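A short write-up of the structure that comes next.
The values are calculated or read from the model by the stated rules, or taken from the named source; none is laboratory data. Source: prediction; values computed, not measured. Here the Cβ is made from the backbone with ideal geometry for all residues, glycine too, and neighbour counts use every protein chain on show.
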Amino acid sequence: MQTTSHPLILMIGLNHKVAPVDVRERLAFSAERVPQALNELLNRGGDGEGIIKEAVLLSTCNRTEVYVQANEFAQAEARSQEFLARHGGLTVEQLRRMVYVTRGEEAALHLMQVAAGLDSLVLGENEILGQVRSASEMAQEAGASGPILSALFRFAIQAGKRARTETEIGRAEISVASVVVELAEQAFGPLNDRMALLIGAGKISSITARALVKAGLRCIMVANRTFERAQKLAQNLNGTAVHFDALDESLARADIVICSTGAPHIVLHAEAVAKAQQARGNRPLLVADLAVPRDADPLIAALPNVRLANIDDLASVVTSHPLAVSVCETVEVIVRQELENFCQWCAARRCVSVIQSMHAKAESISQNEVEATLRRMGPLTPRQQEIMQAMGKAIVNKLLHEPTVHLRELPRDKDVSSYIEVVQELYGLQ
């Protein structure tokens, strides 16, 4: 495949491999902030409008990545870096030392590997596919994603679906939730006599709670700012909903605390945990902070008999989940197939554009010549004029028939760009 066969796509981002959680949380975008962030990136109504044609923002616990489609790389890259640096409270120079940048086919390949779970903290995690889909949907709703990025994300989602249905990577049931279960079992052994407190009733909290219950946990308490949501989740788990203002009492009863609220500030403070530990007689306590930005005060880690694990600390458990090399190789084959499909889609799109330009120019020339001929011939009946017009169109269609068919049916192994460039030069379409 030739990188030149598809549009200028650029990806700039950082993840758990290149940036610690304290940096990632500064660049995390909640769903509520994404539309405004995309509008800012596109700079609608500003001096920089038009530099970036399309944009999608993928923001999860472990990564923030900006995907853009532009007519020129340098300006789009500079604008994207300035955007990320500004939101992260960093200088562009500081940002550049951490971010990775991919272009063209490499950017498309990266997204497909992300969607397939090959680039996650927990290899093969299932949550990322839904996050990729949500990022695409939010960009479309905001009017930021056009035909190119919509197609790219569509093929990436297809790669993720196929990876999980056609290989063992989709049946491994490895996720952040299962890693939390392992941390709990490492700390306490069997979980039958243990109690957990969920702070936050969102999707990650729900998945983690179900994994703990499946592992034998005795009881789940759910605390959430909206008590009705806490009640709903607690009911589904046969647990108990607790009010946020009763957190101190709930902390004193819990052996495991799972934080995942999506709040932009600290929710679980060290003072509250220290007070709970006194009431618990300093029995061991596991606090798993799955949120980015973080929910739990980092000072909690210094308290006696308390283990605080944030999203980055989960990496120490991930190594106990080695997926067979053959599975990853099979997934990579699927990813490459969908990448090829996307490149072919882009090539076909370019061919359609050239075909339309070719016909438009030929029809314009034909129309001008027919009108000039009609003026020289003198008065003609309407029927005679129609015949002349039809003859001009027929000549255009017959002359362009074979080039059109050839462009539409180019062999998959051909460099489409070369054909397009030749046609553009021959017909003067540049």
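Does segment 79-91 hold any residues that are of a type outside the set (Asp, Glu) and free of Cβ contacts under 8 Å to residues at least 12 places away in the same chain, and which are they? Can you show your working first?
First pass over segment 79-91, keeping only residues of a type outside the set (Asp, Glu): 79-81, 83-91.
If the condition is that a residue be of a type outside the set (Asp, Glu) and free of Cβ contacts under 8 Å to residues at least 12 places away in the same chain, then ALA85, ARG86, THR91 are the ones that fit.
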Would you say VAL396 is crowded, with 17+ Cβ neighbours inside 10 Å, in the same structural domain as VAL423 (by TED's automatic domain parsing) and within 50 Å of the chain's Cα centre (by Cα)? yes
Restricting attention to segment 385-393, does a residue exist that is closer than 30 Å to PHE153 by Cα and assigned to a helix (DSSP H, G or I)? no
Taking the stated definitions as given, is ILE311 surrounded by 13 or more Cβ atoms within 10 Å (Cβ to Cβ), outside any loop (DSSP other than H, G, I, E, B), in contact with a His (Cβ under 9 Å, 6 or more places away or on another chain) and not assigned by TED's automatic domain parsing to the domain that holds GLN113? no
Looking at segment 339-351, which of its residues are surrounded by fewer than 19 Cβ atoms within 10 Å (Cβ to Cβ) and at pLDDT 85 or above? GLU340, ASN341, TRP345
Looking at segment 225-259 only, could you name the residues that are within 21 Å of PRO284 (Cα to Cα) and among the hydroxyl-bearing types (Ser, Thr, Tyr)? SER250
In segment 8-27, which residues are of a type in the set (Lys, Arg) and assigned to a helix (DSSP H, G or I)? ARG24, ARG26
Every residue from segment 210-233 that is in contact with a Ser or Thr (Cβ under 8 Å, 6 or more places away or on another chain) and either surrounded by fewer than 23 Cβ atoms within 10 Å (Cβ to Cβ) or more than 16 Å from CYS259 (Cα to Cα) (or both): ALA211, CYS219, ARG225, LEU233
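Could you check how many residues of segment 241-277 are of a type in the set (Ser, Thr, Tyr) and more than 34 Å from the chain's Cα centre (by Cα)? Let's see the steps before the verdict.
First, pick out the residues of segment 241-277 that are of a type in the set (Ser, Thr, Tyr): 250, 260-261.
Narrowing the set further to residues that are more than 34 Å from the chain's Cα centre (by Cα) leaves 250.
Matching residues across segment 241-277 total 1.
Residue-wise test of (1) surrounded by fewer than 14 Cβ atoms within 10 Å (Cβ to Cβ); (2) among the small types (Gly, Ala, Ser).
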position: ALA274; (1), (2): no, yes
position: ARG283; (1), (2): yes, no
position: PRO298; (1), (2): no, no
position: SER353; (1), (2): yes, yes
Given (1) at pLDDT 90 or above; (2) touching a helix residue (DSSP H, G or I) at 6+ places or on another chain (Cβ under 8 Å); (3) over 30 Å from GLU421 (Cβ atoms), ASN43 misses just (1)
Kindly list the number of the only condition in (1) surrounded by fewer than 14 Cβ atoms within 10 Å (Cβ to Cβ); (2) not in a helix (DSSP H, G or I) that fails for ALA74. (2)
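Return yes when SER326 is under 30 Å from THR167 (Cβ atoms) and loosely packed, with under 12 Cβ neighbours inside 10 Å and no when it is not.
yes
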